[in-house]
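**Q** Can you keep this structure in mind? I'll have questions shortly.
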Amino acid sequence: MNLLPKSHEEFAQPEYWNSFFTKRGEKAFEWYGEYLELCEQIHKYVKYTDQILMLGCGNSQLSMEMYDSGFRNITNIDISTVAIRKMLDLNGEKRPGMTYLQMDATQMTFEDDHFSVALDKGTLDALFVDDTPEVQATVERYFNEIKRTMRNGGRYLCITLLQEHILRYILNYFPRNGFMLRVVHCTDADRANQEKNADNPDVGAMPVFIVVATKFKALPTPILEFSLGKDKMQRVQNAEELTNAVTAVQKAALICNGLARTSIAGHKEVVMDLCQPGDSKPRYTVYILDQPPARGLGKFAAFIVPQGREIEWLFATTKGREKLQSSAKYQRLAVVTLHRDQTYLSLDSVRAELADSIKCLAPIGLTEQIPFLSIAADVGKRQTLVSGFSQISGEFRIEEVEGAEGKVFRRLIFLSNQFVIQSEALVKTIKLKGKKERKKIDFGYLACQHHLYMSAGVQLITGPKNNPNELKDVVVVGLGGGGLCSFLHAAVPNVRLTAVEIDPIMLEVAEQYFELKQDNRFHVVIDDGLAFLDVCKREEIKFSAVLFDVDSKDSSLGMSCPPKSFLEPAVLENIMSIIGDKGLFILNLVCRDEVLRDEALVQLRAAFKSVCCYKLDEEINEVIYCSNNEKYKSIEEWKKDLGAAARRLNTATREKKLYDDDMLEVTEFLNDLKM
């Protein structure tokens, strides 16, 4: 039996509705949800004493259930004589005083200012079948009749799917006719529709809204508001903002509808940003992962990542989140990260704010409460110390965050790539005389694991004796916050460092916020790194080691560090000349594209006699050691000398009290070295 229309135009025809209700018989047809799912919103805007007009009642039980809940003054109208006759037979004795009239809602016979509430459940959507001038004229008559029969202060409540042309017309009609306009997303109705239509993915895919248009004699300026389910009402500035909010909900609903019915186990995780109405900046990012069902796995949970920890491998990478899901033991896990420049009062307030959104991501049939997990008892702490702008890197932040075990970290973040830490330092609090305290940067802390292995390469070129009177010159291209340079300066006393940084703002940042200090063993040159190397070659300036730790500003490329231009043959030729036969070229390679990585290694092997690689576990960083020293033609020679250098570095950092234990796991390091 085909109960839904074959073409949209049939919706507006009385013949269709008479046929429809004859086929349905006694069975009620509930468009867009039942009273139970809608009553919370209805009770906000309808009082028991209101004179209520039910527009296009059909055989819906909504007015009956409202009557049974205490609303007695209800007049029902419908264009279908069949529907009205059936409802009169059903309610004549059971619900005395409730009126049913066959009437065209575009030509009502009621007096002016008669009703205080007009309730429309799907009628507008049935009338507004397309955006043609003829249909618009019908809708205009419909709205004019609602306006004419409604008292000042009265409310038109429209339960609708808010298709694009309908929303556009509503946003035009009601503000110009003196109505205040609210749009509320009915999350309870959405969920119920999904569950009732689990076998029909097309039904329930579109979210349900309630439009509340309140009539006034006049409004000096339009008032437009929006609410996501049970959230607080948000005032929006214009029709475009309200349209964007509705569109965002509709797009998300398509994803949520798919997630409700389907497992994505074995496929890419789904990522969604959650914003507050009227704000284009994400407040939360949610990563949804599935794994196949297995014994001992719960069905669904959400995991809230404390502020500042979203950049850790476990939360910032797909593999990390998969490991987190495996540890949490849930078939579906929603990992939620919190954004900077937002305020979060407490973990409980975050849970409450996310509750409806997380519920929309649950599989159909889930009845148990969704647990919220975290690794901390609060939302974490993030304090912005400075917001700045660089002509080269754009907007940046220097912030302090609280990490594991209450440790405080100071970070430099470029907002163009805000899930990557540009520089990080551990902040210690030192007690001074009296009760005074002072924050101090711990130079023994290296946030980036690849810096450890680059440092081992620097230790290698100093030789086995670490003679402080024999200084080895090392150039580091890329300063950032200066973490690597400050560590090398403190841990390896027989090197003389030159850092080359193209951005003068970064030097200010490093000195003011990361305690970088220049002296006779360390100085910074503000210059383009490639131009500096070119000058060094021409003027025959030699260095024992050249280090590349510089990122690409184009995040769309598959290789983010170093920029591709840094591996051009002319650049590599300059480096070969600068380091000679005994020196070392060390670079941090970050490449997500295997083809680009292979191309980079081909270029390096074409320039240098020996290339040795160390790929870091659980990271995309790869430290590459290059040399023209005949000695390093075999991996065994690399392992012997790098192993000795790593052990010397461990000893030095312990003796200088930069680190309590060995910084480097030497055996593991050597096992994973490859040529």
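**Q** Restricting to the stretch 221-266, give me the number of residues that are in the same structural domain as PRO282 (by the TED database) and of a type in the set (Asp, Glu).
**A** Final tally of qualifying residues: 0.
**Q** Now, a different point. Taking the condition of being in contact (Cβ under 8 Å) with a residue 40 or more places away in the chain, touching a Gly at 6+ places or on another chain (Cβ under 9 Å) and under 23 Å from LEU38 (Cα atoms), how many residues in the stretch 63-103 meet it?
**A** The qualifying residues number 3.
**Q** Looking at the stretch 422-443, can you tell me whether even one residue there is open to solvent by 60 Å² or more (accessible area, probe 1.4 Å), in contact with a Lys or Arg (Cβ under 6 Å, 6 or more places away or on another chain) and either in contact (Cβ under 8 Å) with a residue 40 or more places away in the chain or in a helix (DSSP H, G or I) (or both)?
**A** Looking through the stretch 422-443, at least one residue is open to solvent by 60 Å² or more (accessible area, probe 1.4 Å), in contact with a Lys or Arg (Cβ under 6 Å, 6 or more places away or on another chain) and either in contact (Cβ under 8 Å) with a residue 40 or more places away in the chain or in a helix (DSSP H, G or I) (or both).
**Q** State all residues of the stretch 485-508 that are open to solvent by 10 Å² or more (accessible area, probe 1.4 Å) and either assigned to a helix (DSSP H, G or I) or among the aliphatic types (A, V, I, L, M) (or both); if no residue qualifies, say none.
**A** Within the stretch 485-508, SER486, HIS489, ALA490, ILE502, PRO504, ILE505, LEU507, GLU508 qualify.
**Q** Looking at the stretch 107-139, which of its residues are among the acidic types (Asp, Glu) and open to solvent by less than 50 Å² (accessible area, probe 1.4 Å)?
**A** Hits for the stretch 107-139 are ASP120, ASP125, ASP130.
**Q** In the list GLU93, GLU65, GLU111, which residue meets the criterion of being touching a helix residue (DSSP H, G or I) at 6+ places or on another chain (Cβ under 7 Å) and of a type in the set (D, E, K, R)?
**A** GLU65
**Q** Ok, one more. I'd like to know if the stretch 117-125 contains one or more residues that are acidic (Asp, Glu) and either part of a helix (DSSP H, G or I) or not assigned by the TED database to the domain that holds GLU40 (or both).
**A** Yes - at least one qualifying residue is present in the stretch 117-125.
**Q** Another one. Exactly one condition in (1) β-branched (Val, Ile, Thr); (2) within 26 Å of ALA105 (Cα to Cα); (3) modelled with pLDDT of 90 or more is not met by VAL129; state its number.
**A** (3)
**Q** Could you list all residues from the stretch 470-482 that are open to solvent by 30 Å² or more (accessible area, probe 1.4 Å) and within 34 Å of the chain's Cα centre (by Cα)?
**A** If the condition is that a residue be open to solvent by 30 Å² or more (accessible area, probe 1.4 Å) and within 34 Å of the chain's Cα centre (by Cα), then no residue fits.
**Q** Can you find a residue that is under 14 Å from PHE608 (Cα atoms), open to solvent by 50 Å² or more (accessible area, probe 1.4 Å) and either modelled with pLDDT of 90 or more or more than 27 Å from the chain's Cα centre (by Cα) (or both) anywhere in the stretch 557-569?
**A** For the stretch 557-569, residues under 14 Å from PHE608 (Cα atoms), open to solvent by 50 Å² or more (accessible area, probe 1.4 Å) and either modelled with pLDDT of 90 or more or more than 27 Å from the chain's Cα centre (by Cα) (or both): present.
**Q** Something else about it: Quick one: GLN369 ticks every box in (1) touching a Leu at 6+ places or on another chain (Cβ under 8 Å); (2) farther than 24 Å from LYS281 by Cβ bar one, so which box is it?
**A** Going through the list (1) touching a Leu at 6+ places or on another chain (Cβ under 8 Å); (2) farther than 24 Å from LYS281 by Cβ, GLN369 breaks only (1).
**Q** Right, next: Got a sec? Which of VAL623, VAL595 is of a type in the set (Val, Ile, Thr), open to solvent by less than 80 Å² (accessible area, probe 1.4 Å) and either in the same structural domain as ILE461 (by the TED database) or out of contact with any Ser or Thr (no Cβ under 6 Å at 6 or more places or on another chain) (or both)?
**A** Exactly one residue qualifies, and that residue is VAL623.
**Q** Is the stretch 311-321 home to any residue that is buried (at least 18 other Cβ atoms within 10 Å of the Cβ) and part of a strand (DSSP E or B)?
**A** No, that holds for no residue.
**Q** Can you tell me how many residues in the stretch 288-304 are surrounded by 15 or more Cβ atoms within 10 Å (Cβ to Cβ) and within 19 Å of ARG261 (Cα to Cα)?
**A** Of the residues in that region, 9 qualify.
**Q** Considering only the stretch 332-387, state which residues are in contact (Cβ under 8 Å) with a residue 12 or more places away in the chain, among the small types (Gly, Ala, Ser) and exposed (fewer than 14 other Cβ atoms within 10 Å of the Cβ).
**A** SER346, GLY365, ALA377
**Q** Residues that are open to solvent by 60 Å² or more (accessible area, probe 1.4 Å), part of a loop (DSSP other than H, G, I, E, B) and not aliphatic (A, V, I, L, M): does the stretch 448-465 have at least one?
**A** yes
**Q** Could you give me the residue pairs with C-beta distances under 8 Å whose first residue belongs to the stretch 155-175 and is at positive phi, whose second residue is outside any strand (DSSP E or B) and at pLDDT 95 or above wherever it lies, and which are 6+ apart or on separate chains?
**A** As it stands, the answer is LEU162/ILE170, since those pairs meet every condition given.
**Q** One residue is enough: does the stretch 601-617 have a residue meeting the conditions within 13 Å of ALA456 (Cβ to Cβ), hydroxyl-bearing (Ser, Thr, Tyr) and in contact with a strand residue (DSSP E or B) (Cβ under 8 Å, 6 or more places away or on another chain)?
**A** yes
**Q** Does VAL458 satisfy the condition of being under 28 Å from ARG397 (Cβ atoms), touching a Leu at 6+ places or on another chain (Cβ under 9 Å) and assigned by the TED database to the domain that holds TYR625?
**A** no
**Q** Within the stretch 90-101, is there a residue that is assigned to a helix (DSSP H, G or I), modelled with pLDDT under 95, assigned by the TED database to the domain that holds ASN73 and over 17 Å from LEU162 (Cβ atoms)?
**A** There is at least one residue in the stretch 90-101 that is assigned to a helix (DSSP H, G or I), modelled with pLDDT under 95, assigned by the TED database to the domain that holds ASN73 and over 17 Å from LEU162 (Cβ atoms).
**Q** Do the conditions hold for LEU124, that is, is it in contact with a helix residue (DSSP H, G or I) (Cβ under 7 Å, 6 or more places away or on another chain) and within 19 Å of ALA245 (Cα to Cα)?
**A** So LEU124 does not fit the description; no.
**Q** Just checking, how many residues over the stretch 253-270 are over 18 Å from TYR330 (Cα atoms) and open to solvent by 30 Å² or more (accessible area, probe 1.4 Å)?
**A** Counting residues in the stretch 253-270 that are over 18 Å from TYR330 (Cα atoms) and open to solvent by 30 Å² or more (accessible area, probe 1.4 Å) gives 3.
**Q** Identify, by number, the condition in (1) within 21 Å of ASN588 (Cβ to Cβ); (2) surrounded by 15 or more Cβ atoms within 10 Å (Cβ to Cβ) that LYS537 doesn't meet.
**A** (1)
**Q** To continue, here is another question. I'd like the full set of residues that are open to solvent by 40 Å² or more (accessible area, probe 1.4 Å) and under 25 Å from LEU361 (Cα atoms), limited to the stretch 209-249.
**A** Selection gives LEU228, LYS230, ASP231, LYS232, MET233, GLN234, GLU241, THR243, ASN244, THR247, ALA248.
**Q** If a residue must be aromatic (Phe, Trp, Tyr) and closer than 16 Å to ASN671 by Cβ, how many such residues does the stretch 636-659 contain?
**A** Count: 1.
**Q** Count, please, the residues in the stretch 64-120 that happen to be closer than 16 Å to ARG148 by Cα and in contact with a Pro (Cβ under 9 Å, 6 or more places away or on another chain).
**A** Here the count works out to 1.
Here's the yes/no breakdown for (1) in the same structural domain as MET150 (by the TED database); (2) surrounded by fewer than 19 Cβ atoms within 10 Å (Cβ to Cβ); (3) at pLDDT below 90; (4) assigned to a helix (DSSP H, G or I):
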| site | (1), (2), (3), (4) |
| --- | --- |
| TYR48 | yes, yes, no, no |
| TYR67 | yes, no, no, yes |
| ILE84 | yes, no, no, yes |
| ALA105 | yes, no, no, no |
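**Q** I would also like to ask the following. Among the listed residues PRO569, PRO562, identify the single one that is touching a residue at least 12 places away in the same chain (Cβ under 8 Å), of a type outside the set (Phe, Trp, Tyr) and farther than 29 Å from LYS319 by Cα.
**A** Result: PRO569 is the single residue among PRO569, PRO562 that is touching a residue at least 12 places away in the same chain (Cβ under 8 Å), of a type outside the set (Phe, Trp, Tyr) and farther than 29 Å from LYS319 by Cα.
The values are calculated or read from the model by the stated rules, or taken from the named source; none is laboratory data. Note that the structure is a prediction, hence the values are computed from the model and not measured. Note that we place each Cβ from the backbone using ideal geometry, even for glycine, and neighbour counts take in every protein chain shown. In case anyone asks, the SASA skips ligands and DNA or RNA and just uses the protein heavy atoms, side chains included. Shrake-Rupley method; radii C 1.70, N 1.55, O 1.52, S 1.80 Å.
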